[in-house]
Every structure is written in C-alpha cells, then in structure tokens.
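Here the structure comes first, spelled out in structure tokens, and everything after it is commentary.
The values are calculated or read from the model by the stated rules, or taken from the named source; none is laboratory data. Everything numeric here is computed off the predicted structure, so don't read it as measured data. With ideal geometry, Cβ positions are generated from the backbone for all residues, glycine too; neighbour counts draw on all protein chains shown.
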Amino acid sequence: MNLYVLLKRTFDTEEKISISGGRIQEDGAEFIINPYDEYAVEEAIQLRDEHGGEVTVITVGSDESEKQLRTALAMGADKAVLINSEEDLDEGDQYTTAKILTQYLKDKEVDLILAGNVAIDGGSGQVGPRVAEGLGIPYVTTITDIEVNGSDVSITRDVEGDSEKISTSLPLLVTCQQGLNEPRYPSLPGIMKAKKKPLEELELDDLDLEEADVASKTKTIDIFMPPEKAAGRVLEGDLSDQVKELAGLLRSEAKVI
Amino acid sequence: MAAKGGSFLIEEVEANAIFTPEDFSDEQKMIAKTTEEYVMGSVMPEVPYLEKHEFDRSVKLLQEAGELGLLAADVPEEYGGLNLDKVSSALIAEKMAVAGGFSISHGAHVGIGSLPIVLFGNEKQKETYLPDLADGTRFAAYALTEPGSGSDALGAKTTARLNEAGTHYVLNGEKQWITNSAFADVFTVYAKIDGEQFSAFIVEKGYPGVSTGAEEEKMGIKSSSTRTLILSDAEVPVENLLGEAGRGHVIAFNILNIGRYKLGVGTVGSAKRALDISLKYAAERKQFKTSIANFNLIKEKFGTMSSKLYAAESAIYRTVGYFEERMSALSEEEQKDGKAIAASIAEYAIECSLGKFFGSEVLDYIVDEGVQIHGGYGFMEEYEIARMYRDSRINRIFEGTNEINRLLVPGTFVKKAFKGELPLFEKAKELQGELMTLMPEEPGGELLAQEKMLVKNAKKIALLAAGLAVQKYGKGLEAEQEVLANIADLVNLVYAMESAVLRTEKAIAVSGEEKNKQKVLYTQIFCQEAFNEIEVHAKETLVAIESGDSLRMMMSVLRKLGRHTPINVIAKKREAADRLNESLKYVV
C-alpha cells in the first residue's frame, strides 16, 4: 500500500504565544509535529506493518521542518519529502499549501493519504479536504478508527462526540482525530536509522509551479491575542438579592440578555 | 586531543575548546525528547505506585525502556547495544532523573549494574549477559557496600573460596543497600578470595545460596528497590570471576568514577524540573491579590537557583564533552578494551568528583528553595516538590559522600603532579614569584571582562592555597581534611565559573548578544557569588596554614587578587527572574 502522510511543523503545545509587529514571535520557541498529524503518522505506520507497502511523509515548509520529518522517519516512516517554499513565497494560506501538495501527489500512485484533523496553529482543517478535492478522490474527516480490506475501507468518524460508521474504498484521504491511536515515541534505534533514510528536498520549480499559481486566496488583516479574562466575582448577601444583582449585571455589564 | 583532566586549574582555556549544551546535535535532541516523553508519558503516572514499592511496575517500565533502546546506550553494538556517543548517553541520564527513584533503578541497571561487564567482562561474559541487559530481558545490580564498609570499600568482609572441585567460588557475606535487588537477575558482587584478594564476581539471583532481605524503608527515592543481598555458601561458577583475581579495586574505582559522573548529570535534570514546577507554582499562587512570582524575594530565589543551575549544567556538560572527545578518539580496538575506556574515565576523576558534589549540592539548594516557594503546600506530599526534596538528599551521600569526593580532588591533583602529568608545582612556584610584584587589575569595559578577570584571579587563589598547603604539610597534608575540602571548593568554583563564562562566550560568538542575555545574567550573578565564596574559603585556608608576617603578606596578596568592583546582583537577579516568570520554565 502506498501511504502518504501530510505533516505540519507547529508550535509546541506548551509554548506561550506572543505577538510583536503583527507577527507571532517564533524566537527560541520549541516546535513539534502537529499532534493530529502525529496520529496520522502512527496510523500509517501501523497500516504499513499490517498490509505492507511504504509510508512517505510530506511537508510544505522551510529547512526548519526537516527536524519534524526526521522525527516521523524515526517513528518508522520510510521516506520523507520536504517541499521548501521559503525562498519562493513570503506567505501562503490553506489554498497555497493544498495546491502545492496536490501538484506533488497528482502523478503518484496513491492508495491512502492521512492528514491531521486540524493543525493546532491555524486550525482551519482545510488542507486535507482540499488536497482530496484536487486529486479527485473521496475523503473522510475526523476518523477515530480505520480498517482496510483489499480496497474496501471501513471507518469510524467522530461527529461532535457521536460516532458515524462509513464504508468507502481506496484511493482515499482521511484526517485523523484524537482517539485514533497512541503515537509511539521514536525509539533510539529508530532515531539512528532515520539518519540514513531518504529525505528529498524540492522547490516549487521542481513541481513546475510558479509563485502566481499558488498565491494566497486570503489576506491576514490582523493578528491579536484573545482578551485577558477578567477575574470572577462572588456575589454576596441574601439569595434573592444575589439573583436580582446577577440578572442586572447580565443585562447591564455583560449585555447578554 | 581532549584537555588533560585537571588542567583547567593551571591553563587558560578557550571558549571553543569546551562542549556546551548549545552544541547538541538534532539527533541528540531527539534522543533527549524520546526519553522525556517516555518519562512524562509512561513513568510519571506510575510514580505513586512505585513509591509504594510496587516493583512489578518498575520491571514493566524498564522493559518498555528496553524496547525504546533506553537501556542500550553504553552497550557495544555487537552485544545488542547502540554504542551511542557519551553526550546522548548523558542526555538520557539527565532526562530520566525527573522520574525520581525510578531513575535510580534505571541508572543502577545501565550504569553500575551493566558497565562492569561492558568494561571488564571477557568475551564469553559479554555474550552471555549484555544482550539481555541491553534489551531489558534481565536486570542488573551492583553490590559493593557492606554494613561495615561504606567509604572504605576495600574493607569488605564478604569472602570467596574456591571449592574442592575447582568449579565454583563459594561466597559468604552480606551486601547492603543494593539498588534493584527486588528484581535484579544479575549482580556484580565484590568479595575477597580467601579473605585477601579483593575481586569482582557476576552472581545470578538463581544460584544456590543467593537471596535478598527485606525491603528497606528509606527517606527518599522510595520508587527504587533497596535490599540486602545475602550470600550464604553461594555457588558462583569460576568463569564468573570478573576481571582478574585480586584486581577488583580497579573495577570498583572505575565504576565509581562513572557513577559520580552520571550522578552529576542527573542532578541537572532534577534541578531543572524543581525550578520549572516552582516557577509554575509561584505564577499560580496568589497572596495579597498578586502572584507571589511578582515579589522580589521570590525573584531573588529564582535568580539564585537558575544561576547556580546554569553553572552546574555548564560545568557538567563540559566534562561530558571531554569524555566524548576522548572516547571518540580511541581506536576501534581500544574501544573494545575496557582498560582503555577506564583509563579515559580515570583521566577525568577530578571533574567527576566536582560534578558529583557540586551538582548534588546545587540540586539540594534548589529543591530546598523549591519547597520554600511552595510554602505550606511544599510540605504536603501531594506536591511533587516534597518528593523531590526527599529524593535529593541521598545524592550527597551515595557514589562516595561529598566529603570523600572533596578529599579526592586535591589528592588526585597532587598524585597527577607527582606523576608528572600536570606541572602543578612548577605553576605554583611561578605564581609565588609573581606575587611580590602583583598589581591589582582593572577589567576592560567589554561584556564579561570582569567575569573573566575573576576566573583568572580565582585560579591564582586556588593555586596559591594548594601550593602553600603542600609546602607546609608535605605528606601530612592528608590529615588536614578541612584545608583539603577548602581547596576542593576553590577548585570547584573555578571550574564552574569558568565553564559558565566560556559557555556564554561561545554562545554569543554563534548567535550574538541579544539572544544570550539570560546566559550573560546567569554568568554575572554566579561569578560574583562564587567569587565571594572563594574569598571566604581562601581566607580560612591561609589563616590555617600561615601565621605571623607571612600570613600578613599572604592576606595582602589575597586582597590584591580579590580586588574588584562587585556587580549589583539584586538587580541582575530581578532581571533574570522576570524572564523566567515569563517563560515559566528554565530558559537560557
């Protein structure tokens, strides 16, 4: 089975975000594989171990993303592809990323593509479905279970807390939700082997893409932190007075009723 | 070639000549991360059970560590190991330390448990044991201490006697406080053949006459198993003699050096954890309607804790770098020869002892302040800092007490000098000649100029004190334990100050001043406070050694060497703490 994983490098979940000059400060921050993409890597490895084949992890990013690709290789992926867009593009959006990935994948023999449900930074959840659309293959989002039998695929997906069972077939793209699996830690022998696994680096040119082909369809107007939460208040006094005061505050201060 | 052990005291060292944590490779960072994830994800949830001596869980966790390769770092590839570089191996020890008593189980297995066979086993012994120890099929322990012999390891009473058939040694005695003894399969045991020849043996738990006593109730590291190993006419096959008969001390002392070295590395990991949880607690804890992290006395604590940690981390990884440099320079053949490896380790016996006592004392200081920052909650066992406080205490005792390790430092220097390995006496003489014409210096205005001057003068002060002590006491110096300990402290502070300065300098050369502000603050704070301590130790030492006119003269020399305009550490600590309070973790 030819398995492809779409992977993004994101801020470590423990990092504190700060904004300066309209940009999120990346200085000194720790970066990780987007946690949902980690489920995708793990699932791809398990499916490969069960059905044979090869796992290729792909990312669109800069030199910096090599570390996350190496981590996926250390977990057990076979090959990695880094599409380095740093020199060609100042910025991009979901359209940009999906377009580049589609271009790369369109002449590959693809059985199953796995992506994260969302990236924890942008949080759009669009890249996976857009790639499937571009390739003209079906997709299922937020999966929590997958079984492949020949070309038949049975999937359980998370629907806002409920489960939905779906039958479909390869080729297919899925996006992975928490609960699908427990991603493994890269083992030390895995880390040693990852050094020697192939990591191909491409630029837009290599994919016959021009800057204009992938230009963002959206514009970021402003980036700002959520307003700081004000301290809570404990109302005191007679219960009926408290209720009155609360209703008054909801009307006059919070303006929600 | 890597620097000679102890040479830092008499030579000027360049920033580029030392290894620093900024030099970790991506792969080394990945190994550290796997260890960290394993500890946080798999071990920490089990700690409450491990603390109650549920050692079946320790075994499962160690097996999982085996699957991840975390037991195989120091085992050669041909015996199922990974033969990792020494930096990776140190990072595993550092990250593992967060797991408290469990890290002692891990460390005892991979370190003092497995290494005697790795370094001193013959082909057959290595083949028999190492693959199982590297993958977690079997676990190892180390049995040296006895009720009557602790620091005096060679005073062991356990005996070994060859049986009449000449097939087995029959061992009798008791080995005390043996880590991992609840589940270990293989013990390195020291015993005296015919009550005389101190030797090491590989003893399996299944051999007739081998048993363990009751589980000890300890003050800390409760997550590790500690029992007595009882040898009662224990039958050990003759082929399980490790190394040569009567040469057990060579194994014991070399393994102790490694144990000290690894202990130092571990204290860095624990100290980081204690600082991190204290930062988070202080940010959350509100009194007088503000986070206690905003109070200047709490900031003072964070400033001191972090600068000490930075110095210890810099010094200990500098030593790690020396090991790595020396080991990777060994030929393939030498790498298979335990004696060549042991010689590389022995070369840095001084640095190993410094890392051991300095690391454990910095950690003890940090967990103590950590409890203080937690206030009453820090006294409650549901807070991690309480366990860390208890767990920390043993570090100043095992692997050679800090007192023994202090005594070893000047002792080893003098030995190296007599053997002609270090021109210590020549340098001391040179310095004494220089002293008459000594003029106090003014540091230049550039960054770290003052700190570099303090390091330079600290070296002179240490050398002066050591030189005078050797001159005055000669062979009797051994009995002057207070003076020896003071000299060890002087030497340690020199190594730590210099390591911090060089690390910061190296980092600035790579990524500029702006990105290394925090490192500069730590370095300035630590150097100032260390130098204050140096003056106290030196004064006490000179007063003990000299008297009359010569004392007055030496005191004036000390004043000249000590002359400097102190920096405002209060302001520097506030600044360092502000950055820590922002990131809520130890940052450099």
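Taken across region A:179-200, residues that are away from chain B (no Cβ under 14 Å) and in a strand (DSSP E or B) do occur, with at least one present. Determine whether region B:175-185 contains at least one residue that is under 30 Å from residue B:346 (Cα atoms), among the hydrophobic types (A, V, I, L, M, F, W, C) and not in a loop (DSSP other than H, G, I, E, B). Yes, because at least one residue in region B:175-185 is under 30 Å from residue B:346 (Cα atoms), among the hydrophobic types (A, V, I, L, M, F, W, C) and not in a loop (DSSP other than H, G, I, E, B).
Rundown of residues vs (1) buried (at least 24 other Cβ atoms within 10 Å of the Cβ); (2) more than 18 Å from the chain's Cα centre (by Cα); (3) assigned to a helix (DSSP H, G or I), yes/no style:
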site: B:297; (1), (2), (3): no, yes, yes
site: B:311; (1), (2), (3): yes, no, yes
site: B:323; (1), (2), (3): yes, no, yes
site: B:330; (1), (2), (3): no, yes, no
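None of B:410, B:440 is of a type outside the set (Phe, Trp, Tyr) and not in a helix (DSSP H, G or I) except B:440. Of the residues making up region A:207-227, none is within 14 Å of chain B (Cβ to nearest Cβ) and touching an Asp or Glu at 6+ places or on another chain (Cβ under 8 Å).
Answer yes or no as to whether residue B:446 is farther than 30 Å from residue B:574 by Cα and acidic (Asp, Glu). For residue B:446, the condition - farther than 30 Å from residue B:574 by Cα and acidic (Asp, Glu) - is not met. Criterion first (of a type outside the set (A, V, I, L, M) and under 23 Å from the mean Cα position of the chain (by Cα)) does residue B:42 satisfy it? The answer is no for residue B:42. There is no residue in region A:151-168 that is more than 14 Å from chain B (Cβ to nearest Cβ) and in contact (Cβ under 8 Å) with a residue 60 or more places away in the chain. Six or more apart or on different chains, Cβ under 6 Å: which pairs go from a residue in region B:289-313 that's over 14 Å from residue B:364 (Cα atoms) to one that's not in a helix (DSSP H, G or I)? Could you list them? Within 6 Å, the pairs are B:292/B:285. Condition check: crowded, with 23+ Cβ neighbours inside 10 Å, away from chain B (no Cβ under 13 Å), at pLDDT 95 or above and touching a helix residue (DSSP H, G or I) at 6+ places or on another chain (Cβ under 7 Å). Does residue A:77 satisfy that? Spelling it out, residue A:77 is indeed crowded, with 23+ Cβ neighbours inside 10 Å, away from chain B (no Cβ under 13 Å), at pLDDT 95 or above and touching a helix residue (DSSP H, G or I) at 6+ places or on another chain (Cβ under 7 Å).
Any idea how many residues of region B:45-82 are within 14 Å of another protein chain (Cβ to nearest Cβ) and within 20 Å of residue B:263 (Cα to Cα)? Number of matching residues: 7. Of A:245, A:253, all but one fail to be more than 22 Å from the chain's Cα centre (by Cα), without any contact (Cβ under 8 Å) to a residue 12 or more places away in the chain, more than 14 Å from chain B (Cβ to nearest Cβ) and surrounded by 13 or more Cβ atoms within 10 Å (Cβ to Cβ); the exception is A:245. Checked against the criteria, residue B:133 counts as in contact (Cβ under 8 Å) with a residue 24 or more places away in the chain, more than 14 Å from chain A (Cβ to nearest Cβ) and crowded, with 24+ Cβ neighbours inside 10 Å.
Taken together, the residues in region B:141-174 that are of a type outside the set (A, V, I, L, M), surrounded by fewer than 23 Cβ atoms within 10 Å (Cβ to Cβ) and in a loop (DSSP other than H, G, I, E, B) amount to 11. Among residues of region B:431-448 that are more than 14 Å from residue B:553 (Cβ to Cβ), those with a Cβ under 6 angstrom from a residue that is surrounded by fewer than 15 Cβ atoms within 10 Å (Cβ to Cβ) and among the hydrophobic types (A, V, I, L, M, F, W, C), sequence gap 6+ or separate chain, pair up as B:443/B:449. Could you please find all residues in region B:377-401 being closer than 19 Å to residue B:252 by Cβ and modelled with pLDDT of 95 or more? Once the filter is applied, which keeps residues that are closer than 19 Å to residue B:252 by Cβ and modelled with pLDDT of 95 or more, region B:377-401 yields B:397, B:401.
Scanning region A:175-215 for residues that are under 16 Å from residue A:102 (Cβ atoms) and touching a Leu at 6+ places or on another chain (Cβ under 9 Å) turns up A:175, A:202, A:204, A:210, A:213, A:214, A:215. Filtered by the rule that a residue be among the charged types (D, E, K, R) and either surrounded by 23 or more Cβ atoms within 10 Å (Cβ to Cβ) or within 14 Å of chain B (Cβ to nearest Cβ) (or both), region A:9-51 gives A:9, A:12, A:14, A:15, A:16, A:26, A:27, A:30, A:37, A:38, A:42, A:43.
One line per residue, one yes/no per condition, for (1) exposed (fewer than 15 other Cβ atoms within 10 Å of the Cβ); (2) not polar (S, T, N, Q):
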| site | (1), (2) |
| --- | --- |
| B:407 | no, yes |
| B:450 | no, no |
| B:462 | no, yes |
| B:475 | yes, yes |
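Of everything in region B:16-31 that is within 22 Å of the chain's Cα centre (by Cα) and in a helix (DSSP H, G or I), the residue that is surrounded by the most Cβ atoms within 10 Å (Cβ to Cβ) is B:31. Has region B:510-529 got any residue that is surrounded by 15 or more Cβ atoms within 10 Å (Cβ to Cβ), hydrophobic (A, V, I, L, M, F, W, C) and over 27 Å from the mean Cα position of the chain (by Cα)? No: zero hits.
Restricted to strands (runs of 3 or more DSSP E) entirely inside region A:1-102, no element has at least 3 residues that are in contact (Cβ under 8 Å) with a residue 60 or more places away in the chain and among the acidic types (Asp, Glu). Flag not set for residue A:163, criterion: of a type in the set (S, T, N, Q) and not in a strand (DSSP E or B). Among the conditions (1) surrounded by 24 or more Cβ atoms within 10 Å (Cβ to Cβ); (2) of a type outside the set (Gly, Ala, Ser); (3) more than 18 Å from residue A:197 (Cβ to Cβ), the only one that residue A:68 does not satisfy is (3).
Determine whether region B:161-184 contains at least one residue that is within 15 Å of residue B:251 (Cβ to Cβ), among the hydrophobic types (A, V, I, L, M, F, W, C) and in contact (Cβ under 8 Å) with a residue 12 or more places away in the chain. Checked against the condition, which is being within 15 Å of residue B:251 (Cβ to Cβ), among the hydrophobic types (A, V, I, L, M, F, W, C) and in contact (Cβ under 8 Å) with a residue 12 or more places away in the chain, region B:161-184 yields no hits at all. Considering region B:16-41, and only residues there that are among the aromatic types (Phe, Trp, Tyr) and more than 9 Å from chain A (Cβ to nearest Cβ), the residue that is farthest from residue B:499 (Cα to Cα) turns out to be B:24. If you go through region B:300-351 and keep only what is under 16 Å from residue B:24 (Cα atoms), modelled with pLDDT of 95 or more and among the hydrophobic types (A, V, I, L, M, F, W, C), you end up with B:315, B:316, B:320. The single condition among (1) of a type in the set (Gly, Ala, Ser); (2) closer than 30 Å to residue A:87 by Cβ; (3) in contact (Cβ under 8 Å) with a residue 24 or more places away in the chain; (4) in a helix (DSSP H, G or I) that residue A:216 does not satisfy is (4).
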